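To keep things clear, I will list the structure first and then write my remarks on it.
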Amino acid sequence: MNKESKKFAFYGAVFMALAVAFGAFGAHGLKNIVTKEMLVIFHTGVEYQFYHALGLFCVSFVANFNSSKRVSVAGYSMIFGILIFSGSLYAMTFTSIKMLGAITPIGGVAFIMAWILLALSIKKTT
């Protein structure tokens, strides 16, 4: 594993551990505190965090074969996406400020950009 690959595997593992913890908290700790609507929103944040934590492992794998700037930007875009997309949904759950949902799509765009950059990196490698 090269340095870049280790970095994204590390971030993937950290975000995965947090997703498990948040998921358990949502399933057990939040159900009597927030509305069902807010619980669904929280679950969506956890779900996308899981997907993109796994995505960071994909970035780590590709970084072993292609340590281009494109791969690195894909990884950082996933991290940014998790923080903005999932983070805004978590914040909305705890504050009930629905306007926070307006920044969620920024994280979604970061996710899309990350996957496209990763695909282009893989295509260029083969």
Evaluated at 10 °C and 1.306 mPa s, the Stokes-Einstein D of segment 23-94 based on the Kirkwood radius over Cα pairs, in µm²/s, stands at 120 µm²/s
Which of 6/98; 7/98; 6/31; 6/123 exceed 28 Å between C-alpha atoms? The answer is 6/98; 7/98; 6/31
Taking 0.36 nm per residue of sequence separation and subtracting the Cα-Cα distance, how much length would be gained by fully extending the chain between residue 65 and residue 91, in nm to one decimal?
5.6 nm
Have a look at segment 70-117 and give its Rg and Dmax from the Cα atoms, expressed in angstrom.
11.5, 37
For residue 37 and residue 112, compute 0.36 nm times the residue count separating them, minus their Cα-Cα distance, and round to one decimal in nm.
24.4 nm
Between the modelled labels at residue 6 and residue 25 (7 Å from Cα along Cα→Cβ) the distance in nm is 2.9 nm
The alpha-carbon pair-distance distribution computed for segment 3-125, with 5 angstrom bins and whole-percent values, is 2, 13, 22, 20, 16, 11, 8, 5, 2, 0
Ratio of the Cα radius of gyration of segment 17-65 to 2.2 N^0.38 Å, where N counts its residues:
1.44
What whole number of Å gives the distance from the Cα centroid of segment 43-88 to the Cα centroid of segment 1-37?
13 Å
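We did not get these values from a lab; they are worked out from the coordinates using the rules stated. Not measured: the values here are computed from a predicted model. Don't worry about glycine lacking a Cβ; one is built from the backbone with ideal geometry, like all the others, and counts go over all protein chains shown.
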